[in-house]
């Protein structure tokens, strides 16, 4: 999500894109892909994470695409601008995030859960077509490793590990 998120934000006209990553390789890759700033969201200290996020975002956060939830989402909510939105896409950093009702209401902020499973087949096809058009034109790329079917078992074992977190099988 992170690699695509940075590039999609640019393609959709975002003025400033800040990325947040839990590991050094991810932070370096986000910068290579065009993030204006990159924050370290590793660790359990929500105050420290929020401080790093605020610095990277120049204290303005209108939209957060959050594939990790947990402590990073708690920190993002602390610095989310008034009328800002946090869109949750996953929970790899933890299944729970805690923030106060008062802070949510006083900032008139929104927390939205999103899943592609709610889309119709037509919506999915349209979105995939747009993504593939950008990829074919070289405007969108994701780190991947290409391998033959015979290499699939070895590649599957490495899926999720840096530097190639995705595998593409070719005949």
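The values are calculated or read from the model by the stated rules, or taken from the named source; none is laboratory data. If you're wondering where the values come from, they're calculated on a predicted model, not measured in any experiment. Cβ placement follows ideal geometry from the backbone for every residue including glycine, while neighbour counts extend to all protein chains displayed.
Just a few scattered comments:
- Within segment 127-143, the residues that satisfy the criterion of being exposed (fewer than 12 other Cβ atoms within 10 Å of the Cβ) and either farther than 21 Å from residue 29 by Cβ or modelled with pLDDT under 80 (or both) are 128, 129, 132, 133, 136.
- With respect to the conditions (1) modelled with pLDDT under 90; (2) under 15 Å from the mean Cα position of the chain (by Cα), residue 15 lacks only one, and its number is (2).
- Segment 71-89, residues that are within 15 Å of the chain's Cα centre (by Cα) and on the phi > 0 side of the Ramachandran plot: none
- Of all residues in segment 144-160, none satisfies being assigned to a loop (DSSP other than H, G, I, E, B) and at pLDDT 90 or above.
- With respect to the conditions (1) over 28 Å from residue 141 (Cβ atoms); (2) surrounded by 19 or more Cβ atoms within 10 Å (Cβ to Cβ); (3) without any contact (Cβ under 8 Å) to a residue 24 or more places away in the chain, residue 50 falls short on a single one, namely (3).
- Subset of segment 53-62 (residues that are surrounded by 15 or more Cβ atoms within 10 Å (Cβ to Cβ) and in contact with a helix residue (DSSP H, G or I) (Cβ under 8 Å, 6 or more places away or on another chain)): 53, 54, 57, 61
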